[in-house]
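Undergrad: My questions all concern the structure below.
Every number in this text was worked out from the coordinates using simple rules, so none of it is lab data. Remember, it's a predicted structure, so these values are computed and weren't measured experimentally. Neighbour counts are summed over all protein chains in view; Cβ atoms, including those assigned to glycine, are modelled from backbone coordinates with ideal geometry.
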Protein chains: 2
Amino acid sequence: MFELNPTLERDSVLIGYLPLCQVRLINDRQYPWFILVPQRNGISEIYQLVEEDRSMLMAESCLLSETLHDAFSADKLNIAAIGNKVTQLHYHHIVRFEGDASWPEPVWGKLPAIAYSQEELASILQKVRSLLSDDLTLPDDDSELYY
Amino acid sequence: MFELNPTLERDSVLIGYLPLCQVRLINDRQYPWFILVPQRNGISEIYQLVEEDRSMLMAESCLLSETLHDAFSADKLNIAAIGNKVTQLHYHHIVRFEGDASWPEPVWGKLPAIAYSQEELASILQKVRSLLSDDLTLPDDDSELYY
């Protein structure tokens, strides 16, 4: 049974499941900021994934990247596996815009998160679920929509 | 003919060539910091690579990651494609240690680079070339060793 790190759980909302990864939204309205979390215990680095999972991660990352880039008209995507504080592998996918709150610097460690309102959260979850609907399995429990 | 972005060329030293990527060392002695630069023009995002190149990038990234993790006894690797300033796709592979100059924050935009001495540079280039010797094609011109 896959166990999600509690900090990742606290700071993000489950959008749904791709075959390998949980797709989660970081609860910070300053940027459309998503993480892919491979559902494998005990992995902190991409290279530690078995070959099949590596391929799946690349495929899921590219699917999410292209979807986000087009849907949000991104100026740039920032894709990263850092994990100095939370070592459970989580792969950031952040939509960046020229002139956003931290542009052109990376977002990590810059500004405190600003939570979405309930309406904003429902809207962005619906948008991304709809965009990924061909590939995404939705959570059984919709309660996270309104937490 | 692949054209390397001039900023990347200025800030890093060519270690050698994997089938898809140039392997380069960022000239900052504060961290063992490498970039993989896919030798494809006009690409700024990983998802823009064709399927075969995506697979190659994953393979080369994992080869470099595992090699660096073991050889440097890394506490963590930071892997990232950011590119807000230099959009030509370059994939960071940074060896992090607890207590290094920016730990536990990411390294980008934190501290000005401190160049390696000529001896340090020769030593780290030799080390990484030796570690990757089964897969790496060395540059024709060794002059970068002593620039």
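Undergrad: Which entries in the list A:Lys110/B:Lys127; A:Lys76/B:Lys76; A:Lys127/B:Lys110; A:Lys76/B:Lys127 go over 30 Å, if you measure between the two C-alpha atoms of each?
TA: Distance filter (> 30 Å) returns A:Lys110/B:Lys127; A:Lys127/B:Lys110; A:Lys76/B:Lys127.
Undergrad: Okay, next question. Once fully extended, how much extra length lies between A:Asn5 and A:Ser73, figured as 0.36 nm per residue of separation less the alpha-carbon to alpha-carbon distance?
TA: That works out to 21.4 nm of additional length.
Undergrad: Go through the range A:94-124 and name the GluC sites (Glu not before Pro) that are in a DSSP coil and have 10 or fewer other Cβ atoms within 10 Å of their Cβ.
TA: When the GluC sites (Glu not before Pro) of the range A:94-124 are filtered for loop state and at most 10 Cβ neighbours within 10 Å, A:Glu98 remain.
Undergrad: Rounded to a whole number of µm²/s, how large is the Stokes-Einstein D of the range B:1-74 at 20 °C and 1.002 mPa s, given Rh as the Kirkwood radius over C-alpha pairs?
TA: The diffusion coefficient I find is 163 µm²/s.
Undergrad: P(r) tail for chain B, what percent of Cα pairs lie past 27 Å?
TA: In whole percent, the share of Cα-Cα pairs in chain B beyond 27 Å is 16.
Undergrad: Starting from the alpha-carbon convex hull of the protein assembly as shown, give the projected area averaged over all orientations, in nm².
TA: 15.3
Undergrad: How large is the dipole of chain A about the Cα centre if only Lys and Arg carry +1 and Asp and Glu carry -1, each at its Cβ, rounded to the nearest 20 debye?
TA: Roughly 400 debye, rounded to the nearest 20.
Undergrad: Using alpha-carbon positions, what is the distance between the centroids of the range B:37-65 and the range A:1-61, in Å?
TA: What the calculation gives is 20 Å, centre to centre.
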